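This report concerns only the one structure given below.
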Amino acid sequence: MSDRQAARPRTGRLVSFVGRRWALLFLVAEAIAFCFIARGFFTLDTFQLVFIAGVPLFLLGLAETFVIISGGIDLSVGFVFGFASVVSAKLIVALQGAGASPGLAILIGCAATLLIGMIPGYFNGVLVARLRVPPFIATYSMLSVTYGISELLVEGSQAGNLPYLSSVIGTGFIAYFIPGHGFSFFTHERVARGTPVYSIIPLVVVAAFVFVAIFVFLLRMTKFGHHTYAIGGNPDAAVRSGIDVKAHLERVYVISALLATLAGILYMLQFSQGKSDAGASYLLDSIVAVVIGGASLYGGVGTAGGTIIGALLLSVLETGLRVLGVATFNIYIIVGIILIIAVLIDQFFPEITSSESGASP
Amino acid sequence: MDYLIEVRNIVKRFGGLVAVNDVSMGVGRGEVVAVLGDNGAGKSTLIKVISGVYAPEEGTILFEGKPVRIASPMDALSLGIETIYQDLALAENLNVYSNIFLGREKTRKAAGIFPVLDHEYMHREAAKVLDGLVIKIPSLRSKIKSLSGGQRQAVAISRSIYWNAKILIMDEPTAALGVAQQSQVLELVNTLKARGIGIILISHTMFDVFKVADRIVVMRRGRKVAEKIRTETTPDEIVSYIVGAEAV
Amino acid sequence: MSTENTQTAAQVERRGWVQILARNWALAFLILLFVVFSFTGKGFLGLTNFENILYLSTTFVFLAASETFVIITGGIDLSVGFVMGLSSVLCAQVMQSVYAAHASAAATMVVGALVGLVVGIAPGYVSGILISRYNVPPFIATLGMSGITNGIALTICQGFPVAGLPGDLVRLGNGYLFYSFPGKGSRFFGWPPGVTDSQVRELTRILPNGLLLWLVVIAILLYVLKTTRFGQHTFAIGGSIEAAKRAGIDVRRHLVTIYVLSSFFAGMAGVYNVFQTGVGNFTPFNASYELFAIAAVVIGGASLMGGKGSLVGSVIGVLLLAVLNNGLSISGVAAFYRFIAVGIILVIAVVIDQLFPDLL
Ligand SMILES: Nc1ncnc2c1ncn2[C@@H]1O[C@H](COP(=O)(O)OP(=O)(O)OP(=O)(O)O)[C@@H](O)[C@H]1O
Ligand SMILES: [Mg+2]
């Protein structure tokens, strides 16, 4: 390793320094570019919108990061997301019907959904680890099954009638600033039309980042994270070194489903509804975020931080293009091209990427 | 002497790592040359250069005295250079005779126009070669994944024999075998040698080497550190070259 | 996960008919579905319904057939669904312009179909180069291409079906090879002269064009895969890419050809889709046609690890999924159960495959 790097000429090192951080540089560059070319991009609201719109990507991307580092893929995250939005909405409405206060109903409903949401993940894990079903197939099956069950629950429509409180939480902010009235937390007093209200730090983003922090810690700092890399790098070697690979993989898929479930719950709070295909369109974007973040689909390589950068890159891109009024179609094309370029860049700097991320935890 | 194949001053790098450094060697008709060296000494890399898997950065290759370019495995094969790799490289999902004919499948014309694979022919021809070997394979229609290590080795070897190898390169042919099968393979080496085939044999087993080799080449950290006629050296001397304990 | 399967051929042989049934479970299951639905679904057994099943499955036969080649090499093509959409939209757009310029219906159809077919090749060529030359994993290369083709298709049609095409399209696409009417003679690809709409019931129709096309395509691909060197090399690459390279097979070129082939047949599915529906259709974002095709291929006995797969199996897989969808809805089962059923069948497919490996 050190031999080879030493052999690299100086300019080569500069290029690979850039190559290794291209996603971050791209993110900064596109953000700056949009500030100049997209009128209305450089505002507090848009800035926060990038994060709000990015919540599903952060969570699903992180879910996918665990699975992809372990050498697998999880196609079911999008529909586990939808499943969770439906289940939580149904539960909250039912609990309220049974006489619980809105606050209690939301609390219990969400907590129960987090538990229920782990079930598809557990099945994925069993199929992949114990029955040796390829991850692609196992999680596609679970995609079908969770979709079918959510559709059964909502009977072809969507789950609604949620208490007002849920949207207060889902669309709420930590603090508000009204010129002349000062700061207030969580709610703000009614003001006359036209009075500017500055909303600061969305609650859903806070909730998402609490979980992101926990799981980034798990992946980077703990033995569990370390083993995830080991399994992705070489499952046979991991078995021989005494890691319980089967149990570990099960947990990886449960984590994936748990994060997807959380994303589904936040969606439900934000839009006051449960919809079985609500998360469908995030599947590809979340994989793209992971790949932009430097992970390899062959397993063993990748970082949570990289994924978050990848997700932000996509979120800024999408928000920026929306502000510019560019049609959604073109976003597909751009994302497709970025995805391919992401991998090509990794191909050009293979030893760098692997020495950095492979040994990361 | 007249070499069948000769390499001169070969250099092969992987990034900054010089896997083969300025190595020259050759093998003549009916001669067995053993290449020895510690793990990572560059033995496999050297023979992959000869068999067209890697293109060397520097150096020349001469075949029957004339310079040749071996840019791909196909080039090597068409010169009559056959290689049995350490990892055998058989398609496990294909059956025995398909592997023997891999890349050079025999076809016939169905209905006079459509080229189709001639399974009968390939099966028959494969049976002929395998009949001459000591190692038996139950059915030539079984897939490689159902065969034992020795049987796989036999398939790999018959593949080379069938294609009239002039030069046979074997990378640790006995490494995965039981004692009985090991001596069968060595016997096979002697048979092929008697047919005038030039053989390059990589091995870690001193016993094998001294049993069949005519000449011994020792590599260490990518360089050739010794070349000895077998009858003029001893296992002890060779070992000292391999580990680099003795500076001669 | 990668523990070797150590059963020997002899052990497997001893299992006899269980083995045979297990290796052909998809076919057995398809037959079982037929029997069950004949009882539970009113009108399941009947020419009209079979035509219906055929109508729904034709494009998927093309998608699954080409996906079979890709999967045997150990790759995957996630772009087929959107390539199909691009070809469909582009084919229709060209037809619309040509037709609006007062070209004959026949000329319009030929030009449009050719454009659709040729354009279908492009995404596969790009994926193939990325995969074989630049080592981009097939999953990523084709995923990227699916985004790009989808975006281009939507830009062309602006999110609406492309209409204004000759009416002969559907007559040909949903027509039959041979028609015959008592007393008025018979004709290929069209009604005998003098037959009126009211007499349709008495018209004898033989072999739907869609079925004819897919039979021809499958026959050709079957020949290529099972009997030619190209087919043999496809299996070899999936079994061990190293072995294939060292045996002198030009693996790079072969892989490019494979992805071009896959994309070409996806394009053909798109063109056929125009003939079937009479309009150009983009592929909806969540349609997951490619996942459906991959599911069919896996049900048909292919392994995503490569080296294994069968065209006949893939066709059976498509039919199984189509009959399942059709039969369940005819039997009045809510649509949602279909998704659950598909998920379960897919898992069964892989598990059975692992319990009963084919070693001979
Ligand atoms: N494809 C490759 N890419 C990068 N480095 C390589 C590659 N192949 C071999 N090397 C390196 O080149 C050196 C020589 O390897 P080689 O396989 O030739 O050794 P060897 O003498 O055959 O060892 P062994 O006895 O263990 O088979 C090693 O340090 C190895 O890590
Ligand atoms: Mg070696």
Quiz item: Where the centroid of each part is defined by its Cα atoms, how far is the range C:256-294 from the range A:302-352 in Å?
Solution: 26
Self-check item: Set of lysines near A:K90 by C-alpha distance (under 16 Å), chain-local residues within fewer than 8 positions excluded
Solution: A:K275
Quiz item: Using a 1.4 Å probe, what is the accessible area per residue for the range C:41-355, in Å²?
Solution: 37
Exercise. Determine, from the Cβ-Cβ distance of C:D197 and C:I53 and an R0 of 30 Å, the FRET efficiency 1/(1 + (r/R0)^6), rounded to the nearest 0.05.
Key: 0.75
Practice problem: Can you bin the protein assembly as shown into rounded, prolate or oblate? Criterion: square roots of the alpha carbon gyration tensor eigenvalues sorted a ≥ b ≥ c, rounded for a/c under 1.5, prolate for a/b above b/c, oblate for the rest. | Solution: oblate
Self-check item: the range C:41-355: equivalent-ellipsoid semi-axes (sqrt of 5 x gyration tensor eigenvalues, Cα, Å)
Solution: 34, 24, 19
Self-check item: Paramagnetic reach from B:F14 (point 7 Å along Cα→Cβ, amide N under 12 Å) across the range B:34-76
Solution: B:40-46
Self-check item: Rounded tilt (10° steps) of C:47-72 against the dominant C-alpha axis of chain C
Solution: 40
Exercise. Quote the total accessible area buried by chains C and A together, excluding ligands, DNA and RNA, probe 1.4 Å, nearest 100 Å².
Key: 4000
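Chain A: longest stretch without exposed chymotrypsin sites (Phe, Trp or Tyr not before Pro) (DSSP loop, at most 15 other Cβ within 10 Å), sites themselves excluded? It would help to have the intermediate numbers written out before the result.
Values: sites that count: A:F42, A:F186, A:Y298.
Longest stretch, sites excluded: A:43-185.
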Self-check item: Selected from C:L47, C:L27, C:L346 as most flexible by GNM, with chain C as the system and alpha-carbon contacts under 10 Å
Solution: C:L47
Quiz item: Using the alpha-carbon atoms, what tilt in degrees (0 to 90, nearest 10) does helix C:311-330 show relative to the longest principal axis of chain C?
Solution: 60
Quiz prompt | Fraction of accessible area attributable to carbon and sulfur, the range A:38-354 (%, probe 1.4 Å) | solution = 66
Quiz prompt | Surface per residue (accessible, 1.4 Å probe) for the range B:94-164, Å² | solution = 42
Practice problem: Mind checking which lysines have their Cα closer than 30 Å to the Cα of A:K223? Skip sequence neighbours fewer than 8 apart in that chain. | Solution: A:K246
Quiz prompt | Most mobile of C:F44, C:F189, C:F235 in a GNM of chain C (Cα contacts under 10 Å) | solution = C:F189
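In whole percent, and with a 1.4 Å probe on the protein chains, what portion of the accessible area of the range B:94-164 is carbon and sulfur?
54
Interface B/A, total buried accessible area with a 1.4 Å probe, nearest 100 Å²?
Numbers: alone 11890 and 17570 Å², together 29260 Å².
Adding both sides of the contact gives about 200 Å².
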Quiz item: Which FRET efficiency value, to the nearest 0.05, is calculated for B:V68 and C:V351 with the Förster distance at 41 angstrom and r the Cβ-Cβ distance?
Solution: 0.20
Quiz item: C plus B alone minus the pair: what accessible area, both sides summed, probe 1.4 Å, in Å² to 100?
Solution: 2200
Self-check item: Threshold 10 Å² - residues in the range C:333-348 whose accessible area is reduced by that much or more when the chain is no longer isolated, probe 1.4 Å
Solution: C:F336, C:Y337, C:F339, C:I340, C:V342, C:G343, C:L346, C:V347
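Roughly how many debye, to the nearest 20, is the charge dipole of the range B:94-164 about its Cα centre, given +1 on each Lys and Arg Cβ, -1 on each Asp and Glu Cβ, and no other charges? It would help to have the intermediate numbers written out before the result.
Details: 12 positive and 5 negative charges, 26 e Å.
I would put it at about 120 debye.
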Self-check item: Cα centroid separation, the range A:73-130 to the range C:102-139 (Å)
Solution: 43
Exercise. Loop only per DSSP, at most 10 neighbouring Cβ atoms within 10 Å: give me the GluC sites (Glu not before Pro) in the range A:123-223, ordered by residue number.
Key: A:E155, A:E189
Practice problem: Among the listed pairs B:K66/B:K128; B:K48/B:K224; B:K106/C:K245; B:K48/B:K193; B:K145/C:K226, give every one whose C-alpha distance is greater than 25 Å. | Solution: B:K66/B:K128
Self-check item: Among beta bridges that DSSP assigns inside the protein assembly as shown, antiparallel share in %, nearest 5
Solution: 70
Exercise. Can you bin chain A into rounded, prolate or oblate? Criterion: square roots of the alpha carbon gyration tensor eigenvalues sorted a ≥ b ≥ c, rounded for a/c under 1.5, prolate for a/b above b/c, oblate for the rest.
Key: oblate
Practice problem: Take chain C, connect every pair of alpha-carbon atoms lying under 10 Å apart with a spring to form a Gaussian network, then pick out the residue of C:G124, C:G41, C:G280 with the largest mean-square fluctuation. | Solution: C:G41
Quiz item: Of B:L147, B:A110, B:W163, which is farthest on the positive side of the dipole of the range B:94-164, counting Cα position, with +1 on Lys and Arg Cβ, -1 on Asp and Glu Cβ, and the Cα centre as origin?
Solution: B:L147
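Please give the per residue accessible area of the range A:38-354, computed with a probe of 1.4 Å over protein heavy atoms only, in Å². All intermediate terms of the calculation are to be shown ahead of the outcome.
On the way: 12420 Å² over 317 residues.
For the range A:38-354, the solvent-accessible area averages 39 Å² per residue.
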Practice problem: For an R0 of 25 angstrom, estimate the FRET efficiency from the Cβ-Cβ distance between C:L207 and B:V116 and round to the nearest 0.05. | Solution: 0.40
Exercise. Keeping the other protein chains in place, figure out the carbon and sulfur percent of the accessible area of the range C:41-355, with a 1.4 Å probe.
Key: 66
Self-check item: Charged-residue dipole, Cβ positions (Lys, Arg, Asp, Glu), the protein assembly as shown about Cα centre, Debye nearest 20
Solution: 820
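The values are calculated or read from the model by the stated rules, or taken from the named source; none is laboratory data. The structure presented is a predicted model; accordingly, all values stated were derived computationally and were not measured. Please note: Cβ atoms are built from the backbone with ideal geometry, for glycine as well, and neighbour counts cover all protein chains shown. In case anyone asks, the SASA skips ligands and DNA or RNA and just uses the protein heavy atoms, side chains included. Shrake-Rupley method; radii C 1.70, N 1.55, O 1.52, S 1.80 Å.
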